[in-house]
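Below: one structure, written as structure tokens.
Read-outs: derived from the displayed coordinates by stated rules, not from any lab. Just so we're clear, the structure is a prediction, and the values are computed from it rather than from any experiment. Here the Cβ is made from the backbone with ideal geometry for all residues, glycine too, and neighbour counts use every protein chain on show.
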Amino acid sequence: MKNRSLTKWLPPFTVGFKSIFIVFLAVIFLVELVLHLRLQMTTDGAFLHYVAYLINEHGFVPYRDIFEINMPGTYLFHMSIGKFLGYSNLAYYLVSSVWILLILGVTWLFMQNISKTVALAACLFFGLIYLKIAPNYMALQRDFILILPIATAVFLVFKYQTSPLIHFLLGVLFAMAALVKPHAVIGLPVLIFFSLIQNESKIVPKKIAFSFMLGGGFALVGGLMTLALPFLWLWKIDALASFWAIFSSYTPLYAQMSGNFEFQESVGRIRYILDLYSGFGGYGSLLIASILGLYFILRYATSIKTKKRAILLLVLAFVYSLYAAIGSKLWLYHWMPFVYFASLSAALLFFSPPDKTYKQLPYPKILPPLMFIGIVIMYLPIAHISQIKKNFTDITNIHEQIILHDQDVHVFSSPATNEIITKTTQYLKQHLEPHDKVQSLGMATGITQAMLFSKAVLATPYIYDIQFYHHVSSDYIKQLRADFMQRLQQKKPKFIIKVQEGAPFKSKVSGIDVNYEFPELAALIQRYYKKSYSGNGFTIFRKK
């Protein structure tokens, strides 16, 4: 009798326990989302926003007037933000907040087909992971942006019967992702195949093979039509040739850069990639939880369709772990598509089997949700919330506030980065006159923010100078150096902002054939410029 009453009691207790935890997560998520709007854009986001500013406000042509290797979809995205909302921190993080809410909304729409409880847990879990990383360098990162079209593709496959129209739309959505990162299309074949088998009780290989080729054809048409539009734009503005020159000549060299790891041969590079891949970007525990979530569904779910969908989520998690490896730089933000699908798979541990199956579980009924809660707690940004509050308290005590587009500068970064942003912005706003030009030297967090906030106009196409210091013996890098010196000699911008070697916020170049010596540049600065302001790790030179 005791066992029977316990069996009857556990399911409602478990449901209540899950509900309390979901409410707890929702509260933290809302707090994080509000704090998210007060952050300072950093690194890649600030760089891309500055590029958008130059294109929108000063008529710069991407790839021709700005040397950059990103796909055109990235620029169109940031140009849209600037056109409609401006270039302030608030506008930037408002879009970031809306984007994560859109991703979570689409996720809810297809995950609720498995379970509404699982859908809520999955949405909140991934949302908190994103908001935890965003203050550092994740907000509106390209690998985060492309999750929305991919998630929408998963929704279409979950929601609708397979058809030529669905395959066409899959091609459109993955082309949108490819316009941000080309290898994001790696998940398209998986979704086409799943759309063909999810409603099939028996798989006929010949029939599936033919249908797969046909579906791939419709997806290809949709993808090519979508890809054509931004490249027609590049052709219209006379940027297509420059895009191809950079894509074909510089991108292969850039792909061999290795962050802060040194190697001089291909074997060392392979070892570098394998070492980073084996750790799954620090999300190995999330992968384990996602595998356990799939096992739980396969063992105790009664719906075949639910089991197939659970398999798809884990397959996509593995596929997008390969996406990170294909990019050959397995930095934290490159793992975001993998983290997205692994989070959804891990949330399957919150699945509630039919009541009768509780009698069949060979372990305590509360164990699966407890395992999920344990994983979530590992990634909760509790300490991060208190740190943000501390930073905001410190900011209110700063006497020198910079007003940018009617918004205060909101800083959540290191003191060294804070200084280069605030001091450089102040200096440029005080000394820049109409038609003055500025040249930045050194890939450092803070310089591009300062140039954006002070509305400084770049003197040459080179915002950063990292391309001048790796593969220095190659003919293409020699050409870039010569082009840069010729343009700098002609323009002679009023200010040059140079980050010093060893500065705490400077990104390092490492890999093959690295050499930081640039005597022609040093001679030009010495001849035509004098030091006007020195800060912690950076110097502003003014034309004599």
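The table below gives the values:
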quantity: Highest average packing first - 425-436, 98-109, 186-197, Cβ atoms within 10 Å; calculated: 186-197, 98-109, 425-436
quantity: Peptide ranges 213-224, 332-343, 313-324 listed from the most packed, as the mean C-beta count within 10 angstrom indicates; calculated: 332-343, 313-324, 213-224
quantity: Cα gyration tensor, the stretch 69-220 - rounded (a/c under 1.5), prolate or oblate; calculated: oblate
quantity: Length gained when the stretch Thr251-Lys236 is fully extended (0.36 nm per residue, less Cα-Cα span); calculated: 3.1 nm
quantity: Peptide ranges 45-54, 463-472, 82-91 listed from the most packed, as the mean C-beta count within 10 angstrom indicates; calculated: 45-54, 463-472, 82-91
